[in-house]
Amino acid sequence: MISLADSLDRALPPVLGQIPATVGCYLHDLHSGHRFSAGGEDLFPAASVIKILILMEAYRRAAAGELSLEARIRLEEEHLVGGAGVLLELHAGLELTVEDLCRLMIVVSDNTASNLLLDLVGEDSVNALCRQLGLTRTRLGRRFMETPTGERENTMSPCDAVRCLEVLWRSELLDAEWSHRALEILRRQQYREKIPRMLPEELPVAHKTGELEGVRHDAALVESSPGPYLLAVFTRDGGDPWEVDLGIARLSRLCHDLLTGVRA
């Protein structure tokens, strides 16, 4: 009888090889403890996946009474940046709560909201959190939509992304209530064309995507039966974005079927 570990080792590499990009993948089945890595420790541009850590730091401060999620932040013209999100389309003078900014940062990956939160928690605090959690391949070096120069780049590995989600799942940084709140926002992510795309519609998936030129990422907690698992797929130097997303979705479905015993 082929073990689960052997099944993963045999089945996943060919599907990874079909993704038209340089790929890093890290899978951790929380039910069995099995792990699979193919470039899982490799360094990638973090794109928006690093926003998970900004959310964690904001909630850590809120839980400690250092930051009020009900505090209101006035949106000024100089705050607006392009890329993902909706705040760029709205008028200056709008007031949003810190909780609003957290939701916008995750649910629609709003870059303006992300930078406003960075103003509140600080880049140094996010990097200190990375060190605390043992994320050796993750670094926040710049704000969103700033041009990367030298060391001013945001980097991450698939393994580190999985670790972030595991910390939330196990309530290692925040207590159960705050961890649940963070995961609930991640479950409301609206960009579902990668890891959740081919999964059963009713299956809860708490995840964060990231996209740059040639870069397509997704990192997810998939709350399946018989137990949850964590999957991060990072890509760079990619070809057609649609084909890369489709390849990630196919890999995700294969992981699901192998871990849950679904027969093709």
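Would you confirm whether or not segment 159-171 contains a residue that is within 20 Å of Arg253 (Cβ to Cβ), of a type outside the set (Gly, Ala, Ser), surrounded by 19 or more Cβ atoms within 10 Å (Cβ to Cβ) and modelled with pLDDT of 95 or more? So far as segment 159-171 goes, yes, one or more of its residues are within 20 Å of Arg253 (Cβ to Cβ), of a type outside the set (Gly, Ala, Ser), surrounded by 19 or more Cβ atoms within 10 Å (Cβ to Cβ) and modelled with pLDDT of 95 or more. Put simply, of Ser114, Ser109 the only residue that is within 17 Å of the chain's Cα centre (by Cα) and either under 29 Å from Leu254 (Cβ atoms) or acidic (Asp, Glu) (or both) is Ser109.
What number of residues within segment 206-230 are among the basic types (Lys, Arg) and under 17 Å from Met56 (Cα atoms)? Outline the logic, then answer.
Let us first name the residues in segment 206-230 that are among the basic types (Lys, Arg), namely 208, 216.
Applying the additional criterion that residues be under 17 Å from Met56 (Cα atoms) yields 208.
Here the count works out to 1.
Close Cβ contacts (under 7 Å, 6 or more residues apart or on different chains) running from residues in segment 89-109 that are at pLDDT below 95 to residues that are of a type in the set (Lys, Arg) comprise Gly93/Arg74. Scanning segment 190-201 for residues that are out of contact with any helix residue (DSSP H, G or I) (no Cβ under 6 Å at 6 or more places or on another chain) and either more than 16 Å from Asp257 (Cβ to Cβ) or among the polar types (S, T, N, Q) (or both) returns Tyr191, Arg192. Can you tell me how many residues within segment 116-158 are surrounded by fewer than 22 Cβ atoms within 10 Å (Cβ to Cβ), among the hydroxyl-bearing types (Ser, Thr, Tyr) and under 30 Å from His28 (Cα atoms)? The number of residues fulfilling the criteria is 3. Going by the structure shown, is Glu76 surrounded by fewer than 17 Cβ atoms within 10 Å (Cβ to Cβ), within 18 Å of the chain's Cα centre (by Cα) and not small (Gly, Ala, Ser)? No; evaluated as a whole, the condition is false for this residue.
Checked against (1) in contact with a Gly (Cβ under 8 Å, 6 or more places away or on another chain); (2) part of a helix (DSSP H, G or I), Met145 meets all criteria but (2). Given the criteria crowded, with 19+ Cβ neighbours inside 10 Å, among the polar types (S, T, N, Q), touching a residue at least 40 places away in the same chain (Cβ under 8 Å) and on the phi < 0 side of the Ramachandran plot, does Ser48 qualify? Yes; evaluated as a whole, the condition is true for this residue.
The values are calculated or read from the model by the stated rules, or taken from the named source; none is laboratory data. The shown structure was predicted, so the numbers you read here are calculated from the model rather than taken from an experiment. Every residue, glycine as well, gets a Cβ built from its backbone with ideal geometry; the counts of neighbours run over all protein chains shown.
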